[in-house]
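To keep things clear, I will list the structure first and then write my remarks on it.
We did not get these values from a lab; they are worked out from the coordinates using the rules stated. Source: prediction; values computed, not measured. Cβ coordinates were reconstructed from backbone atoms using ideal geometry, including for glycine residues, and neighbour counts include every protein chain displayed.
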Amino acid sequence: MKVVTVVGARPQFIKAAVVSHELRKRHQEILVHTGQHYDYNMSEQFFEELEIPTPDYNLGISGGTHAQMTGKMMIGIEEVLMKEQPDWLLVYGDTNSTLAAALAAAKLHIPVCHVEAGARVHNRTNPEELNRICTDHISTLLLASTLSGYEEMAYEGLQDRGVVVGDPMYDAFLEYSSKLSIQNITLKLLAGGEAKVPPVFYYLTCHREENTREDKDLLEIFKATEMLDAPTIYPVHPRNKARALRLQEAYQFGKILLTEPVGYLESACLVKNAKKIVTDSGGLQREAFFAGKKCVTILDFVCWPETMVSGRNELSSPNAEEIIKKLEHEQFVDDTYQPFGDGHSAVKIVEAMEQHYGGGK
C-alpha cells in the first residue's frame, strides 16, 4: 500500500511516531506536515526525539482564522494527493489539518482512514468537535481508540465503518515515558535562566482559548498553584507567554515555574514523576491516566469518559478553590482496567488498513 499521512500538531506527531514505524515495515508512507505547529519545541523537537521520519512535504501553513487555515491546507494537500496518488490517506485526531486532509482526499475519491474516530464531547461550540464529526462522516475506515468511541458511531450511523484498535498514545507512552531520567531534565524558564526539576512537584498544562483568552481564568488557575504544597511546573504555549509572565509579575506568584514548551520525552517524564496533574489537554489527561496520576481537567465537557472513574480524573471550572478541592479527592487505581488497549494499537491500525485495502476504491 501507498499511504499519505498528514500531521500538523503535537498529539499527531506522537501518534505518528508509533504508527509510522509499524507502517513502514511493509508499506510506503508519504508524510505531510501542514505546519500547524511551527515552533521548534512544538514541532521539530518532537520529530527529532521520537525519530519520526522527516516529512516528505512541509506545507508551512499556520496562523489565520479556522477557515483561512483549513482552506490553505486543503489546497496544499490536494496538490500532494494528486501527485502521489495514494491508496489511503491517514489522519489523526481533530485538528484543522485533520479535516482539511480528509476533505481534500474525499473529493479526490481517495479512501480516508481516521484514527481516534468516534470521540465526541457533545459540544458543537468546540471547533475540534466539528472537525471530528465532519472527518468521521467522510472517512472510509473509522478506527476508535476506545469502546466509547465505537459506541458513539452508532448514534450517527457510522458503526459499520468502525473498528476498535486502542490508543496509539498509550503505545507511545509505554515506549517513551522511561527514556529520560527526571534528574536529567533542565527547565528553561520564561523569565530567563534555567532550573532543575524540584524533588516534589505538580504538573500543569493550559493552552485552550477558553482558559487563556482573558486574565481572570488563567489567574484563578495560577492562584490554585499558590495553594499547593509543592511547586508547579507549567510549560507555556507560545501564544500565552506574555499573559502568563505579566500575571506572575503582577501577583508575585512564587510557586509556579513558567517554562518554555518541553519536548515529548520531557513531558512524559514529568507526567510520570509529578505528584498530581492539572490540564486542559485531551492528550495529557490520558497520559496522567496511563501513569496512574490524579488529574483535574479544566474544561466544562468530558473528552475521555474512560478516565472519569474512581476519582482519577475530574472536571473543574477555572476556579482556584474548586481546583484544589478536586485535587484533594482520593483516587483508586485498578491496574486491570485498560480501556485504551494493550499497547499494540499501531499494529492493529496497520492491520485494519490492510484488511480494508481496496474497499474504498
Cα-derived Rg over Rh, computed across region 182-327 with Rh taken as Kirkwood radius: 0.92
Compactness index (Cα Rg / 2.2 N^0.38 Å), the chain: 0.97
Hey, with R₀ at 25 Å, roughly what FRET efficiency would residue 175 and residue 315 work out to, going by the Cβ-Cβ distance, to 0.05? 0.30
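Taking the mean number of other Cβ atoms within 10 Å as a proxy for protection, how do you rank 328-334, 24-30, 8-14 from highest to lowest? Walk me through the numbers on the way to the answer.
Values: 328-334: 10.9, 24-30: 14.4, 8-14: 25.4.
The peptides rank, most packed first, as 8-14, 24-30, 328-334.
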Residue 328 paired with residue 342, simple spin-label distance in nm, labels 7 Å along Cα-to-beta-carbon: 4.3
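So if R0 is 51 Å, what FRET efficiency would residue 124 and residue 186 give, r being the distance between their Cβ atoms, rounded to the nearest 0.05?
Values: r = 42 Å, r/R0 = 0.83.
About 0.75, to the nearest 0.05.
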Taking the mean number of other Cβ atoms within 10 Å as a proxy for protection, how do you rank 113-120, 71-78 from highest to lowest? 113-120, 71-78
Extend 7 Å from the Cα of residue 156 along its Cα-to-C-beta direction; within region 44-76, residues with backbone N under 19 Å of that point are 67, 70
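For the chain, what is the calculated [θ] at 222 nm in deg cm²/dmol (nearest 500), taking -39500 (n - 2.57) for each run of four or more DSSP H residues and dividing by its residue count? Walk me through the numbers on the way to the answer.
On the way: 14 runs with 146 residues, N = 361.
Mean residue ellipticity, 222 nm, calculated: -12000 deg cm²/dmol.
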